[in-house]
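Chemist: Before I ask anything, let me first share the structure, which is written out below as structure tokens.
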């Protein structure tokens, strides 16, 4: 008799929802034990909201699951997310400081930073919602002068692409032009996000 | 702070108290031209540059700091306020520099740590420190420990401040502090740390003297530090 996989909840940044749902589908029956719950993607700009958001979901739904994967990197929490995970049973988070890191691969991301410290990263999601999250989120639509203040020390936009999509590539190039930065394209696919979710989903061990 | 009245306010028609209050409102609303105009009017009326700085600009920015902390204002608005303050300070700086009875609280060396290119918060802190009466030496971004050591040697600061925006770069503050400790500098030099992902717990863990939660608070704490040291 095949042992049932532990019931698993992934609580993720909304910016990863599409990719995680795609991975869950690709996992077939192993993906069936996984439920996804997302927090708003604009917490990217307000990392102080991430842990309270997680706490709320875990308090209301956590007891129904044997393990929970936090679909965030550190994401600007300054290590507080790791402390939160350490203080709660059966939690694990995605590797790296940001989604850019686990999409690119941790070593590759470090190499990109080493190559040019002034790299501003975009993902499929960030390209798609560039106006909402960057232009409006940073207040550049209201105060255009802030663009130079925010990006004065940046040299290039690096688009770490999850899909091969010419429309998104054109929009990423346009985003770089808007910011007055050089543009570079790297196809990463789902990177370490795929590996982590696959490993997590097929593991029978609830003590992650 | 702003209201919906369409009536234009003529700054030079206001008395001193009204003008200072109006300048604080204009600073809050990020109105650079108006803050500069108000600064010039007060100077023309014979106000001491230090008093203009303290009563109108720094006090205005202090209110901004409180509303930022309370979630009423957000980063873009605070940066507009900072730009408005900069406008006023550009008029005051040359006068303050020439002033014989300069009330400098000492030198404050500040810089963003190695691996980090973010400087908006640091620049804001630098401006508030300047407003508080410190001579600010800004080392800019991406500073290895050697830059801090060189600046300490050259400028003999009363306080040194480090800034980081990234979780990946903030541990470097600990590296710098450890090096200061090895060299016996830490006993003499208070080190302040700040930046969006930091907190008091982290500052304590790396043995920083003081954690500055925001720009206004950092300036206040820096004043307390030099007061204690004197």
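Chemist: On a 0 to 90° scale, report how tilted helix A:166-179 is relative to the longest principal axis of chain A, with both axes built from alpha carbons and the result rounded to the nearest 10.
Modeler: Compared with the principal axis, the helix lies near 50 degrees.
Chemist: Right, something else. GNM, chain A, Cα, under 10 Å: largest mean-square fluctuation among A:122, A:146, A:94?
Modeler: Highest fluctuation among the options: A:146.
Chemist: Using only atoms on other chains, find how many Cβ atoms lie within 10 Å of each Cβ of peptide B:69-77 and report the average.
Modeler: Shielding by partners across B:69-77 averages 3.
Chemist: Within 10 Å, count the other beta carbons around each residue, average over each peptide in A:126-134, A:29-37, and list them highest first.
Modeler: My ranking of the peptides, most packed first, is A:126-134, A:29-37.
Chemist: Between the stretch B:36-74 and the stretch A:29-81, what's the alpha-carbon centroid distance in Å?
Modeler: 42 Å
Chemist: Tell me the angle of helix B:59-69 to the major Cα principal axis of chain B, expressed in degrees between 0 and 90 and rounded to the nearest ten.
Modeler: 60 degrees
Chemist: How big is the stretch A:1-100 along each principal axis, measuring the range of its Cα positions in Å and listing the largest first?
Modeler: 45, 27, 23
Chemist: Using a 10 Å cut-off around each Cβ, can you sort A:7, A:67 from fewest to most neighbouring Cβ atoms?
Modeler: Going from sparsest to densest Cβ surroundings: A:7, A:67.
Chemist: Just to be sure I understand the model, the point goes 7 Å from the Cα along the line to the Cβ. What's the resulting residue B:43 to residue A:142 distance in nm?
Modeler: Label at residue B:43, label at residue A:142, 3.0 nm between them.
Chemist: Another one. Debye calculation, C-alpha points only, no solvent: report log10 I(q)/I(0) for chain A at q = 0.08, 0.10 Å⁻¹, in the same order as the q values.
Modeler: Normalising to I(0) and taking log10 leaves -0.29, -0.46.
Chemist: Need one number: the % of Cα-Cα pairs in the stretch A:107-151 sitting beyond the 16 Å mark.
Modeler: When every Cα pair of the stretch A:107-151 is considered, 51 percent fall beyond 16 Å.
Chemist: If you average the alpha carbon positions of the stretch A:121-168 and of the stretch B:180-230, how far apart do those two centres end up, in angstrom?
Modeler: 34 Å
Chemist: Let me ask something else about it. Starting at 0 and stepping by 10 Å, how many percent of the alpha carbon pairs of the stretch A:106-187 end up in each bin?
Modeler: Histogramming the stretch A:106-187 at 10 Å steps yields 18, 51, 28, 2 percent.
Chemist: Counting other beta carbons within 10 Å of each Cβ, put A:5, B:43 in order, fewest first.
Modeler: Ascending number of Cβ neighbours within 10 Å: B:43, A:5.
Chemist: Inside 10 Å of the C-beta atoms of A:135-146, what's the mean count of C-beta atoms belonging to other chains?
Modeler: Numbers: counts 0, 1, 3, 4, 7, 1, 1, 4, 6, 0, 4, 6.
Neighbouring Cβ atoms belonging to other protein chains average 3 per residue here.
Chemist: Based on the alpha-carbon gyration tensor of the stretch A:151-208, what equivalent-ellipsoid semi-axes (square roots of 5 times the eigenvalues) come out, in whole Å, largest first?
Modeler: Value: 34, 14, 7 Å, ordered largest first.
Chemist: Moving on. Dividing the Cα radius of gyration by the Kirkwood radius, what Rg/Rh value follows for the protein assembly as shown?
Modeler: Dividing the radius of gyration by the Kirkwood radius yields 1.03.
Chemist: Relative contact order for chain A: what percent, with Cα pairs under 8 Å and sequence separation of 6 or more?
Modeler: Answer for chain A is 22 percent.
Chemist: Helix-only mean residue ellipticity at 222 nm, the protein assembly as shown, DSSP H runs n ≥ 4 weighted -39,500 (n - 2.57), per residue, nearest 500. What is it?
Modeler: After summing the helix terms and dividing by residue count, I get -14000 deg cm²/dmol.
Chemist: Give the Debye-formula value of log10 I(q)/I(0) at each listed q (0.08, 0.11, 0.14, 0.18 Å⁻¹), with one equal scatterer per alpha carbon of chain B, two decimals each.
Modeler: For chain B at q = 0.08, 0.11, 0.14, 0.18 Å⁻¹, log10 I(q)/I(0) is -0.31, -0.57, -0.87, -1.27.
Chemist: Considering only B:111, B:195, B:174, give the residue with the highest GNM mean-square fluctuation for chain B, with springs between Cα atoms whenever their separation is below 10 Å.
Modeler: Comparing B:111, B:195, B:174 in the GNM, the peak value goes to B:174.
Chemist: For chain A, find the longest principal axis of its Cα atoms and tell me its angle to the long axis of helix A:106-115, 0 to 90°, nearest 10.
Modeler: The angle comes out near 10 degrees.
Chemist: Then there's this: Suppose the chain between residue B:51 and residue B:149 were pulled fully straight at 0.36 nm per residue; how much longer would it get relative to their current alpha carbon spacing?
Modeler: Extra length from residue B:51 to residue B:149 when fully extended: 31.8 nm.
Chemist: Could you please rank A:185, B:148, A:150, placing first whichever residue has the fewest other Cβ atoms within 10 Å of its Cβ?
Modeler: A:185, A:150, B:148
Since every read-out is calculated from the coordinates, none of them should be taken as a lab result. Since this is a predicted model, take the numbers as computed values, not measurements. Here Cβ is always computed from backbone atoms with ideal geometry, including for glycine, and neighbour counts include all displayed protein chains.
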